[in-house]
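The values are calculated or read from the model by the stated rules, or taken from the named source; none is laboratory data. Remember, predicted model here, so these are calculated numbers, not experimental data. Positions of Cβ are generated from backbone atoms using ideal geometry, with glycine treated the same way; all protein chains shown enter the neighbour counts.
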Amino acid sequence: MRKVGNNHQQACTRVRRGDAYLALDRPGPARDDWQLALAIFEEETHPNADAVRRRLQHIGSTAHHDPSHAAPADAPAIFTPLH
């Protein structure tokens, strides 16, 4: 069994890695990392879960408008700082 602090750090790392993947126009790996991070934050009932949900919603909304799944110019607004 992992320690809670270790899981939290892993989740934060996955969020940042997902951000990097999205910046590289790779929404699939970004989504994968964010989903894993969300599961950890939800288990911890941590407020960072909301920021990750917004990222995932953004990926879902751009998938329908842009066949390449590229993030729109205003994408950084979804990147709320983690706590």
Those residues that are free of Cβ contacts under 8 Å to residues at least 60 places away in the same chain and among the β-branched types (V, I, T), I need them from segment 12-26; list them, please. T13
Residue in segment 12-42 that is farthest from L82 (Cα to Cα), counting only those that are surrounded by 13 or more Cβ atoms within 10 Å (Cβ to Cβ) and among the acidic types (D, E): D32
What are the pairs, 6+ residues apart or on separate chains, where a residue within segment 27-47 that is free of Cβ contacts under 8 Å to residues at least 24 places away in the same chain has its Cβ under 6 Å from a residue that is aromatic (F, W, Y) and surrounded by 15 or more Cβ atoms within 10 Å (Cβ to Cβ)? P29/Y21
Q9 passes all but one of the listed conditions (1) under 12 Å from L82 (Cβ atoms); (2) touching a residue at least 12 places away in the same chain (Cβ under 8 Å); the exception is number (2)
Kindly indicate whether any position in segment 57-77 is modelled with pLDDT of 90 or more and surrounded by fewer than 16 Cβ atoms within 10 Å (Cβ to Cβ). yes
